[in-house]
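Some notes on the structure that comes next.
The values are calculated or read from the model by the stated rules, or taken from the named source; none is laboratory data. Just so it is clear, the model here is predicted, and its values are computed rather than measured. Neighbour counts run over all protein chains shown; Cβ positions are idealised from the backbone, glycine included. Ligands, DNA and RNA are excluded from the accessible area calculation, which covers all protein heavy atoms including side chains. Shrake-Rupley method; radii C 1.70, N 1.55, O 1.52, S 1.80 Å.
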Amino acid sequence: MRDWVANDLAGPGATARMMIRVAIPAVLVLAPIWFIPMSLYLHASMTVPIFIPFVYFSHALNKVWRRHMLAKHGLNPGLVDELSRKKNAHIHRAYEERYGPRSGPTSSHDV
């Protein structure tokens with residue numbers, strides 16, 4: 001079960017999956033408004049301002065939530081950044097070759 005959780009929260013497409021999981025309940029709550037007879041402008045002006053914060057917050061809190069869920073399941077929260085680290089490894093290697101290894105306190109991105 002842990003492999004499934006780790007892949008779901010830190011694997012390819014995890015960000016999109018989490019945003020969709022937030023958007024579906026928002027759409028279900030806002031959908032009945034579209035059954036009220038009125039103009040498209042009024043439908044949009046009633047639902048879009050409510051839906052946009054769902055999208056913004058789901059994107060802004062995505063990594064935080066996924067880290068929390070990984071820790072809750074006893075997995076390493078650093079898995080969230082693993083794909084990014086692999087993709088950008090050549091950039092970090094080039095930096096170290098040019099400027100030397102980093103010194104100073106480690107950040108959460110260095111885990």
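Observations
- The set of residues in the range 10-23 being closer than 14 Å to Ser58 by Cα and touching a helix residue (DSSP H, G or I) at 6+ places or on another chain (Cβ under 6 Å) consists of Thr15, Met18, Met19, Val22.
- Given (1) under 30 Å from Leu83 (Cα atoms); (2) outside any helix (DSSP H, G or I), number of the condition Pro37 does not satisfy: (1)
- Number of positions in the range 1-18 that are under 17 Å from the mean Cα position of the chain (by Cα) and open to solvent by 50 Å² or more (accessible area, probe 1.4 Å): 5
- Answer from Ala44, Ala31, Ala26, Ala60 - the residue that is of a type outside the set (Ser, Thr, Tyr) and in contact with a helix residue (DSSP H, G or I) (Cβ under 6 Å, 6 or more places away or on another chain): Ala26
- Note on the range 40-93: enclosed helices (runs of 4 or more DSSP H) holding 2 or more residues that are crowded, with 16+ Cβ neighbours inside 10 Å and more than 14 Å from the chain's Cα centre (by Cα) are 40-60.
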